[in-house]
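Notes for the one structure printed next.
The values are calculated or read from the model by the stated rules, or taken from the named source; none is laboratory data. If you're wondering where the values come from, they're calculated on a predicted model, not measured in any experiment. A quick note on method: Cβ atoms are made from the backbone with ideal geometry, for glycine too, and the neighbour counts reach across all protein chains shown. The accessibility values were calculated without ligands, DNA or RNA, using every heavy atom of the protein model including side chains. Shrake-Rupley method; radii C 1.70, N 1.55, O 1.52, S 1.80 Å.
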Amino acid sequence: MVNRIGRYWRVLATGLSFLAFGIGGLLLRIVVFPLLQLVVWERAARVMAARAILRLTFRSFVGLMRGLGVLRYEFIGLEKLERGGLLILANHPSLIDTVFLMAFVKRADCIVKSHLWNNPFTRGPVRAAGYISNDSGEQLVEACIASLRAGNNLIIFPEGTRTPAGGAISLKRGAANIAVRGARAVTPVVIDCQPPTLGKGDKWWRVPERFVQFRLEVKDDIEIGAFLGADVSEVMAVRHLTDHLQRFFTGEYQGHA
């Protein structure tokens, strides 16, 4: 009976959390960011302010879910993310992985799916923060490299979507392409969620029997020098780096399973 009541509470608390997230996004769009545009005229300064506001908002959302007993978390190696110009790659087991990283990474930039630019709850924040749309075509990689050179920390989930329920990680080559063409080391973050929740295809109200424990660990940088060379084309370097990252994240995922 106690376990059942606890689960019912987590369903309610999860619903309240997502409701708060939606209302918060709407308020940011119709109140906070319009005021910010009136007060801060210079675009670069306005973007930085918007990102700082979003970071505090995401941190508050994580705190709300923790306070309501929906989840617990630990962040290992967070000090490694205090640097600037990082290309941060992470696996993607849960819907709220993005929220965790955006909440704790300073000067965070990210690639946003095009449909979020038209979502009434998210289009205001993502546009105000100047995030990179994934429908920018051939300019996408150059926009990512420019963001890194500007000192931003670019967060990418190289799977392109959440990991399937079976746990089979399959990386696309876009992240490696940015690393090779931008000559950037990769800062990997391994995310583990036990028991699994809010995965691909999961309904938000199907909460686990107990509260969820998130574990986010920042690993040592992966230098790309070994994948580059005078006789190695960019295409081959991207392919080899993608294969290496595939083995890395698959091994780490299985190690935490």
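Straight-distance candidates among the lysines for linking to Lys200, with alpha-carbon spacing under 24 Å and chain neighbours fewer than 8 residues away dropped: Lys113, Lys172. Size of the chain: Rg and Dmax of its alpha carbons, in Å, are 18.8, 67. In the full protein context, the stretch 1-96 carries 56 Å² of accessible surface per residue, based on a 1.4 Å probe and ignoring ligands, DNA and RNA.
Using 0.36 nm per residue and subtracting the Cα-Cα separation, the extra length available between Trp205 and Val40 on full extension is 55.4 nm.
Computed from backbone phi with θ = phi - 60° and the Karplus coefficients 6.51, -1.76 and 1.60, the 3J(HN,Hα) list for the stretch 70-86 is 6, 8, 10, 8, 9, 10, 9, x, 4, 4, 5, 8, 6, 6, x, x, 8 Hz; x is used for glycine and proline.
Computed from label points 7 Å out along Cα-Cβ, the spacing between Gln194 and Arg72 is 1.2 nm.
Between Leu68, Ala45, Pro34, the Cα set farthest toward the positive side of the dipole of the stretch 1-99 (charges on each charged residue's Cβ, about the Cα centre) is that of Leu68. The stretch between Glu138 and Arg4 holds 43.1 nm of extra length on full extension. This uses 0.36 nm per residue minus the Cα-Cα distance. For the residues Gly199, Gly84, Gly166, a GNM of the chain with alpha-carbon springs under 10 Å puts the largest fluctuation on Gly166. Amide H to amide H, with H built 1.01 Å from N, Val112 comes under 5 Å of Ile132, Ser133, Asn134, counting only residues 5 or more places away or on other chains. Spin-label model, Ile23/Ala185: points 7 Å from Cα along the beta carbon direction are separated by 4.4 nm. The share of accessible area on the chain that comes from carbon and sulfur is 59 percent, using a 1.4 angstrom probe.
Here the stretch 1-113 is treated as a sphere whose radius is the Kirkwood value from Cα pairs; by Stokes-Einstein at 20 °C and 1.002 mPa s it diffuses with a coefficient of 134 µm²/s. The order of the peptides 217-224, 170-177 by mean Cβ neighbours within 10 Å, most packed first, is 170-177, 217-224.
Only helices enter the 222 nm calculation for the chain: every DSSP H run of n ≥ 4 contributes -39,500 (n - 2.57), and dividing by all residues gives -14500 deg cm²/dmol, rounded to 500. Annotation: the antiparallel percentage among DSSP beta bridges lying fully within the chain is about 30.
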